[in-house]
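The values are calculated or read from the model by the stated rules, or taken from the named source; none is laboratory data. What you see is a predicted model; the values in this text were computed from it and never measured. Every residue, glycine among them, receives a Cβ derived from its backbone with ideal geometry; neighbour counts consider all protein chains shown.
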Amino acid sequence: MTDQRNLHAVEVSDGERAVTSAEVTTSTDPEGTARASIHAESGHIPPGSRTRLVDAVLDLPEVQDSVRLEATVPLGDTESLDRLRERTGDMTTHAAGSSALVNAELHPAPAPAPDAPEDVP
């Protein structure tokens, strides 16, 4: 069986100008891996634009159906990397030229609940 892929383009705009964008590829296979290439325009970008882009990527239904994320982020884009770290689990990054390569779990295990007090008669 062949792995089918879906391609999505996501943009965050400041007025009429797209300031950040991402190309996202998702697998139609269950428990697949989503892949995203995140870009930012040169020059001033309003604070929060990169965070909004990461949220838009991670909120795509096809990405939410995936188990892992592989992303390429401009090296030094701490806003995007911080947001990815907040919204994913078991995230690792590696530098590759002018990019950071991100591998992460999309559905991290929930934090263990604190121990409930035992019922004492």
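From the list D55, D29, which one is in a loop (DSSP other than H, G, I, E, B) and among the acidic types (D, E)? Give the steps one after another, and end with the answer.
On the way: D55 fails: in a loop (DSSP other than H, G, I, E, B).
Going through D55, D29 in turn, just one is in a loop (DSSP other than H, G, I, E, B) and among the acidic types (D, E): D29.
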Restricting to the stretch 53-102, what's the tally of residues that are under 20 Å from G32 (Cα atoms) and among the small types (G, A, S)?
4
Hey, I45 hits all of (1) out of contact with any Lys or Arg (no Cβ under 7 Å at 6 or more places or on another chain); (2) surrounded by 15 or more Cβ atoms within 10 Å (Cβ to Cβ); (3) at pLDDT 95 or above; (4) more than 24 Å from R5 (Cβ to Cβ) but one; which does it fall short on?
(3)
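For every residue, the table says whether it meets (1) part of a strand (DSSP E or B); (2) modelled with pLDDT under 95.
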{"position": "T2", "(1), (2)": "no, yes"}
{"position": "V19", "(1), (2)": "yes, no"}
{"position": "R50", "(1), (2)": "no, no"}
{"position": "L69", "(1), (2)": "yes, no"}
{"position": "D90", "(1), (2)": "yes, yes"}
Could we say that S80 is among the small types (G, A, S) and surrounded by fewer than 20 Cβ atoms within 10 Å (Cβ to Cβ) here?
no
Among the numbered conditions (1) part of a strand (DSSP E or B); (2) surrounded by fewer than 17 Cβ atoms within 10 Å (Cβ to Cβ), tell me where V24 comes up short.
(2)
Considering only the stretch 58-67, state which residues are under 16 Å from L7 (Cα atoms), in a loop (DSSP other than H, G, I, E, B) and among the aliphatic types (A, V, I, L, M).
L60
Within the stretch 71-88, restricting to residues that are outside any loop (DSSP other than H, G, I, E, B) and among the charged types (D, E, K, R), the one that is farthest from E31 (Cα to Cα) is E79
